[in-house]
Structures are given as structure tokens and as C-alpha cells.
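Written below as C-alpha cells is the structure these notes are about.
The values are calculated or read from the model by the stated rules, or taken from the named source; none is laboratory data. Everything numeric in this text was worked out from a predicted model, so none of it was measured. A quick note on method: Cβ atoms are made from the backbone with ideal geometry, for glycine too, and the neighbour counts reach across all protein chains shown.
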Amino acid sequence: MVELLVILISAVFVNNFVLARFLGICPFLGVSKKVETAIGMGMAVIFVLTVASVVTWFIQYLVLIPFGIEYLQTIAFILVIASLVQLVEMVIQKTSPVLYQSLGIFLPLITTNCAVLGVAVLNIQKSYSFIESVVFSLGAGLGFTLAMVLFAGLRERLELCPVPQSFRGTAIALVTAGLLSLAFMGFAGLVKG
Amino acid sequence: MLAAVLSIGGIGLVAAAALGLAAKKFAVEVDPRELAILEALPGANCGACGYPGCAGYAKAVAEGTISPNLCTPGGADTVEAIAKIMGIEAITAEPQVAVVLCQGDNRKATQKYRYLGLTDCNAAQKIADGPKTCPGGCLGMGSCQRACPFGAIEMTPEGLAVISREKCTGCTKCVAVCPRQVIKMTPLEAVTHVLCNSHDKGAAVRKYCQVGCIACQICKKTAPEAYMIEDFLARVEYPQHAQAVAAVEKCPTKCIRDFSSGYPEGSSFAPPTVPVAKDNAA
């Protein structure tokens, strides 16, 4: 139980996927202009991450290892993740057209998002059990959402600030992301590893 | 080897089946007419209709609430196509095209100061109302040319904007971007225009432009119903544009132009045929 909690805390704060591991920067910068879209995107990412890591865990231990084809890990994982994102896109289009309009082109971004593949591969690298990998990916998703929502809040406030002309837009966003990442370094050493 | 092929193939098949099922279960109703209308629209996303892009307009028309003739760039063909898809009557509004009401290029009009800055009319206008002495004349830096999504505007070598009446689709983007408001929308069939936008008295106009309107009233005396003089500037009354041609030779400053005999000096456009043949190469 304690180990699961440690994995969760580690994934959300200490080794935050966006701010410490620098994975998933694309949607992080692309969808974080408003807090509502950031939350929506975060929810989508949590869903994709969790389901993807469950399915890929099974693929690894029930198909790839028994048949000795571990070298196909990357391609098999990508196949699963791509199909999952398509599924998520269809569900969102049906259930929440407003969210679909605002996320629109960014849904495919989650497919080529290294964070999703990263979680799937890290689960295997760290030899997590099934429960551990579920908790890990949940934590990764939550950490990603946390980082995005925080960043969106910061960006919304930046819109109202007198930013120097040459820094407006992406420049100040990247500087802010760096500072946010620095802030999260405060969590380093909270848990071992 | 076989295991590899079968595994990846198997995963692919399962995924495809799952997606196929989901596609059925989560199908979203899209009005097929909306797609047909989107096909019929020019696809330039210029916003002249007032909706966000062609997709926005297609959606609004498919919902049946608005008129199909709001797409000016599409022209009569588009209105007809949309009307056919929706099964309603097509009423086309009279097509309008833009015209630059100025002939004062660098040889004919004076400048108040030498401008060394961004080659943009709006930027130049901010500095003491622009380098041209004439307060209403075309600044010739090409902001309208850059705003035109259809390539209908050209800048003459002497710094005057000229709009092709055949290529213009009436989207009004140039009208919005011009800081001097020297571009006006005119009916397509009207080929005679008073190419001046200055409301200064005749004596003042003569000092800064060789081809400006001095409001001498000769045009109005020649064709009374076709011209109106207001605030020291003549303009064509477009409903009676057919009678306006008579005053073209009589104008002492030659500021009235009959476009069917040619565009302003320096323009590379061929004179439009009358009635004007539309060339919507959107």
C-alpha cells in the first residue's frame, strides 16, 4: 500500500512527466491557454494513459514475452495507443461537442505524444506489477493535468500583464514553463528514486 | 517470425474491430447537406458572410436559418448551388466590387515628407496622417494588396493601388484594412468612377494633385442625374451609372475614368469586358 502511494506521489510531484521528465511538451504548450481546455485535455490524457498502460502491460506480458518478440514493443505499443486515441476522439465528439471543438486538432497530438509511450515503456522498464503500473499511469496523468492546469492559470494571468513586446506569446510561455519546472524541483528528494 | 507477424496483425485486427464498433456506437449526426454546401463554397475562409470560415457558413445555411446569398466571393454560381442543395429559391444580391477612388500616384500627387519606415499604409498613416499631402489619397504601400485573399489588387510601379474588377469577389477585406478609406464598394456593372477621395477645395487640391477633383461641377452639368457633388467632391450616382460616361471627356482634371477603356495608368490589368466577365479563381 505504501509503495503504491510512493509511486503515485513520485509520478505526480517528484518526477512530474512534464516538468521533470520533459515528456508531452506539445500539448502542454499547445492546449494550455485556457484553464477549461486544459482541464478537458488533462482528463482525456488521464484516460488515454491509464487505458493505454493497462492494454500495453497485457500485450507485453501475454503476447510479446511469451512469443519472444520483445523487440516489437515500440511498434505494438504505438499501434495500441493510436487506436485508443481514435476511440477517445469518437467518444469526445459524441459526448461533448464543445470540448471536441476546442481540442480539435490536439487530439491526434496525444497519439504522437511521447508521454503516453513513455509511461507504457517505463512501466515495463521498472518491472511494475499490474496494480503498480495502473497507479503509475494514473499518477502520470494526474501530474500532467496538474502541470497543465497550473500553467494555464499562469498563462491566463500573463494575458493581462504588461509583457515586453519581444517576449509576448511563446517566448514568455517557455520562460514561465522553465520557472514552473524549477519550482517543482523543490519536490526532489521527497521520495527515494 | 510467424509469431511476430501474427501478433502485430492480431493486435491490428482487434483494434480495427473495436474502432469499427465504436464508430457505429458513437456516430455523430452530420447533416449531409452541410458537407455538400461546404463543397460548393469557394473555400477561401474570408469571412465576408460574417461567419467563422466556410465551415461556419455551411453549418448555418444547413440549419436553414439564413440566406444562401451571403457568400459574395462565391458569386451567383455558388448561390445557385446552395439553393439547389437546400431546395429553395435563389435570389442573388447585386454583385459589388471594390474600387480605389484615387489616381494620384507618385508622379501626379505630392508628398508632405519623405517616409522611411515600414512599407505598410496603416503604419505610415500613424505618422502625421501619412506621407501623401492629399488627406484622402491612396498611400500606395500595398496593405490592401496583402489583405486581398484573391490576388485581385496590384500596386502600379508609381505607387497606386488598382483593383481588378474581374478578379474582385466583393469580400471587403481591402475596404477594412485601408486607413484612408479610399476603397469603396461599387456595383459590378458600373464602369465609370470619379477617382478622387479628397474633400478639399479645388484650389487646394490643384496644389497637391494633378488629377484630383476640383468640384468644378462640369460633370454634373453634362449628366445631371449621374453625378452628385458633396463637400467639394464629385461622385457617380451608381443607379444611373450608364449616363455617367458622357462626362468623362469633359472633366478638366481627368479624374473621372471609364474603366471599360482601361485601368489607371501603370496598371497591368486588361480593360474589363462589359458586362464584366467574372473570373473567380478562388
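For the reader, a short list of remarks on this structure follows.
- Listed here are the helices (runs of 4 or more DSSP H) enclosed by region A:1-101 that have at least 1 residues being of a type in the set (D, E, K, R): A:2-9, A:35-58, A:73-95.
- Residue within region B:181-199 that is more than 19 Å from B:F269 (Cα to Cα), crowded, with 18+ Cβ neighbours inside 10 Å and either of a type in the set (G, A, S) or not assigned by TED's automatic domain parsing to the domain that holds B:V248 (or both) present: yes
- Test: A:F106 is at pLDDT 90 or above and within 20 Å of A:A44 (Cβ to Cβ): no
- Only one entry of A:G139, A:G143, A:G118 meets the criterion of being in contact with a Lys or Arg (Cβ under 9 Å, 6 or more places away or on another chain), under 18 Å from A:V51 (Cβ atoms) and not basic (K, R), and that entry is A:G118.
- A search for C-beta distances below 7 Å between a residue of region A:157-180 that is more than 20 Å from A:F17 (Cβ to Cβ) and any residue that is part of a loop (DSSP other than H, G, I, E, B) and not basic (K, R), counting only pairs 6+ apart in sequence or on different chains, returns A:I172/A:V163.
- In region B:220-250, residue farthest from the chain's Cα centre (by Cα) [restricted to those that are assigned to a helix (DSSP H, G or I) and of a type in the set (S, T, Y)]: B:T222
Here's the yes/no breakdown for (1) more than 14 Å from chain B (Cβ to nearest Cβ); (2) aliphatic (A, V, I, L, M); (3) farther than 27 Å from A:G189 by Cα:
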site: A:A20; (1), (2), (3): yes, yes, no
site: A:T37; (1), (2), (3): yes, no, yes
site: A:L49; (1), (2), (3): yes, yes, no
site: A:L79; (1), (2), (3): no, yes, yes
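- Of all residues in region A:56-67, those satisfying the criterion of being aliphatic (A, V, I, L, M) and either buried (at least 20 other Cβ atoms within 10 Å of the Cβ) or at the interface with another protein chain (Cβ under 8 Å from one of its Cβ atoms) (or both) are A:I59, A:V63, A:L64.
- Qualifying residue in region B:252-260 (condition: over 22 Å from B:Q111 (Cα atoms) and in a helix (DSSP H, G or I)): yes
- Odd one out for A:E70 among (1) within 18 Å of A:I124 (Cβ to Cβ); (2) facing chain B (nearest Cβ under 10 Å); (3) free of Cβ contacts under 8 Å to residues at least 12 places away in the same chain: (2)
Results for (1) over 25 Å from A:E70 (Cβ atoms); (2) surrounded by fewer than 16 Cβ atoms within 10 Å (Cβ to Cβ); (3) of a type in the set (K, R), shown as yes or no for each residue.
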position	(1), (2), (3)
A:G118	no, no, no
A:L122	no, no, no
A:I131	no, yes, no
A:L142	yes, no, no
A:C161	yes, yes, no
A:F184	yes, no, no
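- From the list B:L41, B:L70, B:L101, B:L35, the lone residue that is closer than 30 Å to B:C213 by Cα and either in contact with a Gly (Cβ under 8 Å, 6 or more places away or on another chain) or away from every other protein chain (no Cβ under 14 Å) (or both) is B:L101.
- Applying the condition of being surrounded by fewer than 13 Cβ atoms within 10 Å (Cβ to Cβ) and not charged (D, E, K, R) to region B:24-34 and asking which residue is farthest from B:T78 (Cα to Cα) yields B:A27.
- Residue match in region A:132-146 (condition: farther than 20 Å from A:V12 by Cβ and outside any loop (DSSP other than H, G, I, E, B)): no
- Some residue of region A:149-158 being part of a loop (DSSP other than H, G, I, E, B), more than 14 Å from chain B (Cβ to nearest Cβ), closer than 21 Å to A:K34 by Cα and of a type in the set (A, V, I, L, M): no
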